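The values are calculated or read from the model by the stated rules, or taken from the named source; none is laboratory data. Since we're looking at a predicted model, the values are computed, not measured. Cβ placement follows ideal geometry from the backbone for every residue including glycine, while neighbour counts extend to all protein chains displayed.
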Amino acid sequence: MTSKREPIGVIGTGYVGLVTAAGFAELGNDVYCIDIDVAKIDGLKQGVIPIWEPGLAELVEKHRDRLHFSTDLADALEHARLLFVAVGTPPTYSGDADLSAVHSVVASMPASDRHALVMKSTVPVGTGETIKRAFEETGKPGFRYVSCPEFLKEGTAVPDFLEPDRVVVGDDGDWAGDAVVDLYAPLDAPLVRTDIASAEMVKLASNAFLATKISFINEIANVCEETGADVTEVARGMGLDDRIGPKFLQAGIGFGGSCFPKDVSALKQLAGNSGYHFQLLNAVIEVNELQKRRVIGKLHKYLGELPGRRIALLGLAFKPNTDDMREASSLVLSARLQAAGAEVAVYDPVAEDEARDLIHGVRFAADALDCVRDADAVVLVTEWDEFKALDWAQAAEAMAGTLVIDGRNALDPAAVRAAGLVYEGVGRTPG
Ligand SMILES: NC(=O)c1ccc[n+]([C@@H]2O[C@H](COP(=O)([O-])OP(=O)(O)OC[C@H]3O[C@@H](n4cnc5c(N)ncnc54)[C@H](O)[C@@H]3O)[C@@H](O)[C@H]2O)c1
């Protein structure tokens, strides 16, 4: 890649912003990264990566000369005309997206005919219109706006950036949209160039659909438990149908993370605010909530009352290969178990630091075997590879009881049972 590629700005250096910045640096762009978090920027300047994401530290290190970190927006405005926005849009109490960080970025833009905001943050449909109107009303009519939603997955974010399934660009057909299309051209991904509102909706609808697929297979799993079918066999049989596909058909204890829960809820609220009652999404959310709690029911089934029982939770992050604890099932489970009087031990290979701020009153174990020591039951919450490879004979020796609840259907039931333990998955036939 050569110096012909234009410098860009990235505002917000979290999971999306930092991966986007490093990804474009890999494509040859100089990237001016801005964040309001002084400690984060100080750390990044010294090569400290604030998140755990495979391959990211290496990529940032490789392109240290192209990546410029600052808390001063002027640095990005001076060098770049395209300013990617990757600030958080967490849920409010009502379930709507909290756009305060986005609006604060918009308000800090100067009047300019040379710049464009490129929205990577996930925002409700109509946000682009509102921002364009704000530019008009505040004397900045020349500021351009492009919607470019992000689809990367934590855990595989770097390869997802470099080999995306598609690039979606929503714009008004001006220079800014063309420039964003050019930026992504080397990736050779299918391009969906459309209007701004449709681009915004592609993102929300995609996440809502994937969440629906998960809640659907979880309900099938629950019916399997009642009827003697095995959901892993059912999912295999369904997934071979081209029209269905095998992905997101893994039954378990529900989805979490920084995107699905909030984006499903934001779409439901968006629909409601526009006068449409999105019935399906209500069910998707409710099924997901209940799914986590079914673990408690299973523990009761085998152990009776839970006061004084020792329960080991393997995995805390919302999914493997990330340290992200946002909306992780472990948060609900650890709280529910403690409320029921159980003593809880937890272990995660990378998310412990994040978890310590969020989960209290539990024992943070040093490793998986230490976690299951003296446990009456073990619950697999996050399917890290190291748990799949656990020596169950050793685990059985360390445990006080025999129950293993596989909340992700990720373990080999035969290996668990061979160790003399009782295996209980989600929607799987009892042994
Ligand atoms: N995490 C994902 O997997 C993912 C995937 C696709 C889309 N998204 C969307 O991308 C957006 C960012 O998500 P994330 O997970 O990267 O969030 P994050 O919380 O990891 O990072 C957001 C960053 O923005 C910074 N910030 C906040 N206000 C700012 C401001 N005014 N100026 C400069 N920086 C500011 C924060 O300090 C933080 O570093 C969200 O809208 C999210 O829905 C996330």
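Within segment 93-114, which residues are touching a helix residue (DSSP H, G or I) at 6+ places or on another chain (Cβ under 9 Å) and of a type in the set (S, T, N, Q)?
Selection gives Ser94, Ser108, Ser112.
Being at pLDDT 95 or above, acidic (Asp, Glu), within 30 Å of Leu249 (Cβ to Cβ) and in contact with a Leu (Cβ under 9 Å, 6 or more places away or on another chain) is the requirement here; does Glu343 meet it?
Against the criterion (at pLDDT 95 or above, acidic (Asp, Glu), within 30 Å of Leu249 (Cβ to Cβ) and in contact with a Leu (Cβ under 9 Å, 6 or more places away or on another chain)), Glu343 does not qualify.
Which pairs do you get when a residue that is surrounded by 13 or more Cβ atoms within 10 Å (Cβ to Cβ) and modelled with pLDDT under 95, found in segment 278-307, comes within reach of a residue that is among the β-branched types (Val, Ile, Thr) and assigned to a helix (DSSP H, G or I), reach meaning Cβ atoms under 7 angstrom, with the pair 6+ apart or on two chains?
Going by the 7 Å Cβ cut-off, the qualifying pairs are Lys292/Val332.
Does segment 412-431 hold any residues that are within 30 Å of the chain's Cα centre (by Cα), crowded, with 16+ Cβ neighbours inside 10 Å, free of Cβ contacts under 8 Å to residues at least 60 places away in the same chain and farther than 11 Å from Thr232 by Cβ, and which are they?
Val416, Tyr423 - these are the residues of segment 412-431 that are within 30 Å of the chain's Cα centre (by Cα), crowded, with 16+ Cβ neighbours inside 10 Å, free of Cβ contacts under 8 Å to residues at least 60 places away in the same chain and farther than 11 Å from Thr232 by Cβ.
Quick one: Val234 ticks every box in (1) in a helix (DSSP H, G or I); (2) modelled with pLDDT under 95 bar one, so which box is it?
Evaluating Val234 over (1) in a helix (DSSP H, G or I); (2) modelled with pLDDT under 95 leaves (2) as the failure.
Filter segment 4-17 for residues that are free of Cβ contacts under 8 Å to residues at least 60 places away in the same chain and crowded, with 24+ Cβ neighbours inside 10 Å and give the result. Please lay out each step first, then the result.
Going through segment 4-17, the residues free of Cβ contacts under 8 Å to residues at least 60 places away in the same chain turn out to be 4.
Those that are free of Cβ contacts under 8 Å to residues at least 60 places away in the same chain and crowded, with 24+ Cβ neighbours inside 10 Å: none in segment 4-17.
Let me confirm something: among Ala80, Ala86, Ala107, Ala76, which residue is surrounded by fewer than 16 Cβ atoms within 10 Å (Cβ to Cβ), hydrophobic (A, V, I, L, M, F, W, C) and at pLDDT 95 or above? Break it down into steps so the answer makes sense when it comes.
On the way: Ala80 fails: surrounded by fewer than 16 Cβ atoms within 10 Å (Cβ to Cβ); Ala86 fails: surrounded by fewer than 16 Cβ atoms within 10 Å (Cβ to Cβ); Ala76 fails: surrounded by fewer than 16 Cβ atoms within 10 Å (Cβ to Cβ).
That would be Ala107, the only listed residue that is surrounded by fewer than 16 Cβ atoms within 10 Å (Cβ to Cβ), hydrophobic (A, V, I, L, M, F, W, C) and at pLDDT 95 or above.
Restricting to segment 312-360, give me the number of residues that are in a loop (DSSP other than H, G, I, E, B), without any contact (Cβ under 8 Å) to a residue 24 or more places away in the chain and not charged (D, E, K, R).
Narrowing segment 312-360 to residues in a loop (DSSP other than H, G, I, E, B): 315-328, 340-342, 348-351, 357-360.
After this cut, where a residue has to be without any contact (Cβ under 8 Å) to a residue 24 or more places away in the chain as well, the list is 357, 360.
When the remaining residues are screened for being not charged (D, E, K, R), the result is 360.
So the answer is 1.
Okay, residues lined up against (1) within 20 Å of Ser329 (Cα to Cα); (2) in contact with a Leu (Cβ under 6 Å, 6 or more places away or on another chain):
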residue: Val378; (1), (2): yes, no
residue: Glu386; (1), (2): yes, no
residue: Ala396; (1), (2): no, yes
residue: Ala400; (1), (2): no, no
residue: Val426; (1), (2): yes, no
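Condition test on Lys213, is it away from the ligand (no atom under 16 Å from the Cβ) and either within 23 Å of the chain's Cα centre (by Cα) or over 18 Å from Ala21 (Cβ atoms) (or both)?
For Lys213, the condition - away from the ligand (no atom under 16 Å from the Cβ) and either within 23 Å of the chain's Cα centre (by Cα) or over 18 Å from Ala21 (Cβ atoms) (or both) - is met.
Here's a check for you: in segment 243-260, which residue that is surrounded by fewer than 24 Cβ atoms within 10 Å (Cβ to Cβ) and not hydrophobic (A, V, I, L, M, F, W, C) is nearest to Leu210 (Cα to Cα)?
Step by step, filter segment 243-260, then rank; the result is Lys247.
Do we have Glu352 as surrounded by fewer than 21 Cβ atoms within 10 Å (Cβ to Cβ) and under 22 Å from Ser258 (Cβ atoms) here?
yes
Condition test on Ala221, is it more than 21 Å from Lys153 (Cβ to Cβ) and either basic (Lys, Arg) or surrounded by 13 or more Cβ atoms within 10 Å (Cβ to Cβ) (or both)?
yes
Regarding segment 384-395, can at least one residue be identified that is without any contact (Cβ under 8 Å) to a residue 60 or more places away in the chain and touching a Lys or Arg at 6+ places or on another chain (Cβ under 6 Å)?
Checking segment 384-395: not a single residue is without any contact (Cβ under 8 Å) to a residue 60 or more places away in the chain and touching a Lys or Arg at 6+ places or on another chain (Cβ under 6 Å).
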